[in-house]
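Trainee: Below: one structure in structure tokens.
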Amino acid sequence: MNIFRPLLRCLSVLVLLAAAGSCMPRNRYIQFTGYAQGGTYSVKINLEGVPRRLRAKPALIQQEIDAILTHIDTTLSGYNKGSQLSRFNTGEAVVPNETFREVYALSRKFYTETDGALDVAAGPLFDAWGFGFTTDSLPSATVVDSLLAVCGMDKLDENMRSRVPDLHPKLNFNAIAQGYACDRIAAYLRSIGVKDMLVNIGEIYCDGVNPSGEPWSIGIDRPVDGNMTPGADLNGVWLSSGTGCGVVTSGNYRKYYEKDGLKYSHTIDPRTGYPVSHSLLSATIIAPSSVAADAYATYCMVIGLEAARDFILSRSDLEGYLIYDTGGTDAGPFTSSGSMAEWASPGFRLRQ
């Protein structure tokens, strides 16, 4: 999961990729890049099957991708103070658009399915620990208890109305917003005839094959302190089967802070109000959609190694890859000894 940041407006770049070493026509693949959600995005597609007018003017595809990302930013970003989410969180009487309602409904589904381990109405807890939309950190036990009393999707109905008098819970969609954005872009691309695609907005959706005619392959970062650049230090490479799916890695090795010699993870368990304290360093989930992969990767990081492994094995629609610290501890704040091991589900296609 990547924290949802504001959309940065700038001109995007188009890069043509030759299909070298394959039987496909050259220059059928094209890459769109730009800035969104506090970072860059990359969308690679095969133009074969796309209507002639769009093949002739691929900038029209770029415009639609940017429009989707802008719409999601102005709806779901907690850093965009004019977004529907930000206005809702201040108590303004907002009429949610279709995107807001859809993501809220998905959030309720995940909340119920995970027994509250995924809770978008725990926004004030994330803020208090400095991993939400503020920079506070290390709240006292009294503050945590007071926030637990006002957080939780159980305090909201299906129409986002509070079930508690004089209480207005605040929402934070960080756990699924980027996955949702990937799915929206992928749905648009499919609607114009694209069959081969790789959508990367921090979270990933892929389908079909790459320019070499092979299923997509995606690197899995080694979850060690200081590995801040995706792809710079890999633990392995996941190999796609060619079927459309979401690919998301969640971890605690890039988003944490240290106080008094202790590390505090950005993964907050909304049921306890505290950062998690277990040995699981990262969880990579393969799911039919990016939003599901995004949600379940976060869920695994909340529940820890053993429970995450059992959860993945219980789901025929998921595959997973867990990297954990063999010298870690489940008592106290998040720690890392530097000694790692991995577990992969039977259907997880891994090249190391």
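The values are calculated or read from the model by the stated rules, or taken from the named source; none is laboratory data. This structure is a prediction, so every number in the text was calculated from the model and none was measured. Note that each Cβ is placed from the backbone with ideal geometry, even for glycine, and that neighbours are counted across all protein chains shown.
Trainee: Condition check: surrounded by 23 or more Cβ atoms within 10 Å (Cβ to Cβ), modelled with pLDDT under 95 and either under 11 Å from the mean Cα position of the chain (by Cα) or on the phi < 0 side of the Ramachandran plot (or both). Does N227 satisfy that?
Mentor: In short, no.
Trainee: Now a separate question. Restricting attention to region 145-154, which residues are surrounded by fewer than 16 Cβ atoms within 10 Å (Cβ to Cβ) and more than 25 Å from the chain's Cα centre (by Cα)?
Mentor: Result: D145, S146, A149.
Trainee: For region 115-138, does any single residue satisfy the condition of being over 22 Å from the mean Cα position of the chain (by Cα), assigned to a helix (DSSP H, G or I), surrounded by 13 or more Cβ atoms within 10 Å (Cβ to Cβ) and not assigned by TED's automatic domain parsing to the domain that holds V291? Full working, then the answer.
Mentor: Initial filter on region 115-138 (over 22 Å from the mean Cα position of the chain (by Cα)): 136-138.
Filter once more, so that each one left must be assigned to a helix (DSSP H, G or I): none.
No, region 115-138 has no match at all.
Trainee: Select from region 47-86 the residues that are among the aliphatic types (A, V, I, L, M), without any contact (Cβ under 8 Å) to a residue 12 or more places away in the chain and crowded, with 19+ Cβ neighbours inside 10 Å and list them in ascending order.
Mentor: Looking only at region 47-86, we keep the residues that are among the aliphatic types (A, V, I, L, M), and these are 47, 50, 54, 56, 59-61, 65, 67-69, 72, 76, 85.
Cutting the leftovers down to without any contact (Cβ under 8 Å) to a residue 12 or more places away in the chain gives us 56, 60, 67.
Across region 47-86, there are no qualifying residues.
Trainee: Could you tell me which of the residues L189, L167, L147, L171 is closer than 17 Å to T90 by Cα and not in a loop (DSSP other than H, G, I, E, B)?
Mentor: Just a single option satisfies the conditions, and that option is L147.
Trainee: Take the residues of region 35-69 that are within 23 Å of the chain's Cα centre (by Cα) and assigned to a loop (DSSP other than H, G, I, E, B): which is farthest from V199 (Cα to Cα)?
Mentor: For region 35-69, the residue satisfying everything is G38.
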